[in-house]
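Working notes, beginning with the structure itself.
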Amino acid sequence: MSEHKPLEARIRAKAAELGFVACGIAPADAAPRAGERLRRWLTDGCHGSMIWMEERADQRSSPAGLWPDVRSVIALGMSYAPATDPLALAGAGDRGRISVYAQGADYHDVVKRALKALGRWLADTAGAPLKIFVDTAPVMEKPLAEAAGLGWQGKHTNLVSRDHGSWLFLGAIYTTLDLAPDSPGADRCGSCSACHAACPTDAFPAPYRLDARRCISYLTIEHKGPIPHEFRAAIGNRIYGCDDCLAVCPWNKFAHAAAANRAFAPRAELAAPMLGDLLALDDAGFRQVFAGSPIKRIGRDRMARNCLIALGNSGDAASQGVAVALLDDPAPVVRGAAVWALAQLDPARAAAERAVRAGAEIDADVLAEWNALGS
């Protein structure tokens with residue numbers, strides 16, 4: 001009978017029942033170098049404006065830093081393997097590219113729901129205290145997942161699984177139970193550097209090291225201000241995140257879309273959205289379109305900024321009217337991006353619009369965009 005199986009086996013069975021395709025166990029102290037690497041990364045400023053990474057670095061450095069009583073970590077993975085090529089829209093200038101993970105339901109909600117169910121079951125079964133985490137807590141899910149045998153942190157710094165490639169959402173359960181650990185994952189990247197070669201902004205200064213300040217995912221999601229000029233052309237039509245380094249990983253050949261949780265299937269309106277449609281959204285419209293999506297967290301203004309960068313990269317002069325309509329948007333970050341987009345699509349029209357606004361009081365960041373037209 002199942003109740004006579006070891007607890008570890010029962011945990012894995014229950015995790016699979018709840019939709020997790022990977023489950024492993026590690027001692028709470030199984031990734032001792034993770035904290036050291038984190039502190040070096042923070043010292044080098046590679047986290048950009050993600051100040052929250054600094055503020056809770058001590059808690060993030062090790063499971064015991066967050067919860068001194070923890071003895072074991074249960075690492076879990078839920079697949080979001082795509083059924084289509086994530087890079088298929090690379091040449092579609094009128095469309096925005098949204099990272100695969102954000103085209104369906106918000107993974108925070110889906111994974112947390114399953115973690116809570118597993119946590120309740122484990123508490124009822126074993127009676128030991130536990131805590132669950134998915135992404136937003138100060139937990140280093142990737143090194144812990146590697147320590148628990150789910151895979152290894154690849155040269156793109158994300159987890160790579162022999163069975164699910166680079167397409168796993170990770171969650172963790174900390175518990176006071178002394179559980180039998182799994183063997184840690186072994187690095188199988190070898191001499192491959194496909195992920196580094198694919199990065200449009202050279203965000204990898206070295207293997208296994210990411211400079212978030214150059215990463216398109218950071219720039220389009222975490223970064224709140226104007227996107228630095230040096231990265232705008234490289235962003236192309238990516239409006240939320242970037243899949244390039246993940247998509248080219250050779251280990252993805254073993255990932256199957258059939259293993260993906262159906263909640264992460266692309267919503268039709270997010271699989272290949274028209275830039276013009278997204279730029280027509282006001283705040284209420286944005287909230288309606290992106291309800292239940294992780295994209296909602298960046299808000300309408302950042303999404304409009306991203307879409308204007310993509311519009312400027314489209315080469316479609318006929319779409320300049322969309323940029324002109326946003327030159328007087330209430331949000332400075334949108335106005336500035338509109339200036340840049342118009343200048344890419346029709347420099348003469350941009351100069352004319354600048355003349356119309358000569359002498360008007362203009363936000364410093366927007367003024368810098370107008371002034372750049374003369375350089």
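Values in this text are rule-based calculations from the coordinates and carry no lab data. All values derive from a computational prediction rather than experimental measurement. Using ideal geometry, Cβ is built from the backbone for each residue, glycine included, and neighbour counts are taken over all protein chains shown.
Could you let me know the centre-to-centre spacing of segment 126-181 and segment 267-344, using Cα atoms, in angstrom? Using only Cα atoms to place each centre, the spacing works out to 35 Å.
Our helix-only sum for the chain, with -39,500 (n - 2.57) per DSSP H run of n ≥ 4 divided by its residues, gives a mean residue ellipticity at 222 nm of -10500 deg cm²/dmol.
Centre-to-centre separation between the Cα atoms of segment 192-247 and those of segment 84-118: 17 Å.
Sum up the charges of everything whose Cβ sits under 15 Å from the Cβ of Asp163, counting Lys and Arg as +1 and Asp and Glu as -1, but leave Asp163 out.
Values: positive: Arg12, Arg162, Arg188, Lys253; negative: Glu146, Asp182.
Charge balance near Asp163 sits at +2.
For each pair in Lys112/Lys296; Lys112/Lys253; Lys5/Lys116; Lys155/Lys253; Lys116/Lys296; Lys131/Lys253, compute the distance between the two Cα atoms and list the pairs where it is over 25 Å. As for pairs spanning more than 25 Å Cα to Cα, those are Lys112/Lys253; Lys131/Lys253. Ordering Glu36, Glu8 from the fewest to the most neighbouring beta carbons within 10 Å gives Glu36, Glu8.
Extension gain, Ser49 to Ala64, is 2.8 nm, computed as 0.36 nm per intervening residue step minus the present C-alpha separation. Label positions at Ala284 and Arg113, each projected 7 Å from the Cα along the C-beta direction, are separated by 2.8 nm. For Rg and Dmax of the Cα atoms in Å, computed directly from the structure shown, the correct entry in (1) 24.8, 79; (2) 22.5, 81; (3) 22.4, 70 is (2).
The antiparallel fraction among DSSP beta bridges confined to the chain stands at about 90%.
For segment 2-43, the residues whose backbone nitrogen is under 15 Å from a point 7 Å from the Cα of Tyr208, taken along Cα to Cβ, are 31-41.
Computed over neighbours whose Cβ is under 14 Å from that of Ile132, the net charge equals +3, Lys and Arg +1, Asp and Glu -1. Near Arg238: Cβ cut-off under 9 Å, other residues only, Lys/Arg at +1 and Asp/Glu at -1. The net charge is -1. With contacts taken as Cα pairs under 8 Å and at least 6 residues apart, segment 274-375 reaches a relative contact order of 23 percent. Taking Cβ separations below 4.7 Å as the criterion for a possible disulfide partner, the isolated cysteines in the chain are Cys23, Cys46, Cys189, Cys192, Cys199, Cys215, Cys242, Cys249, Cys307.
Each residue of segment 216-273 gets 121 Å³ once the volume of the Cα convex hull is shared out per residue. Counting beta carbons within 10 Å around each of His108, His164 and listing the fewest first gives the order His108, His164.
Sorted fewest first by neighbouring Cβ atoms within 10 angstrom, Leu76, Leu18, Leu144 come out as Leu18, Leu144, Leu76. Between Ala257 and Ala368, the FRET efficiency from the beta-carbon distance, with R0 = 45 Å, is close to 0.50. Between Ser183 and Leu42, the contour length at 0.36 nm per residue exceeds the Cα-Cα span by 47.8 nm.
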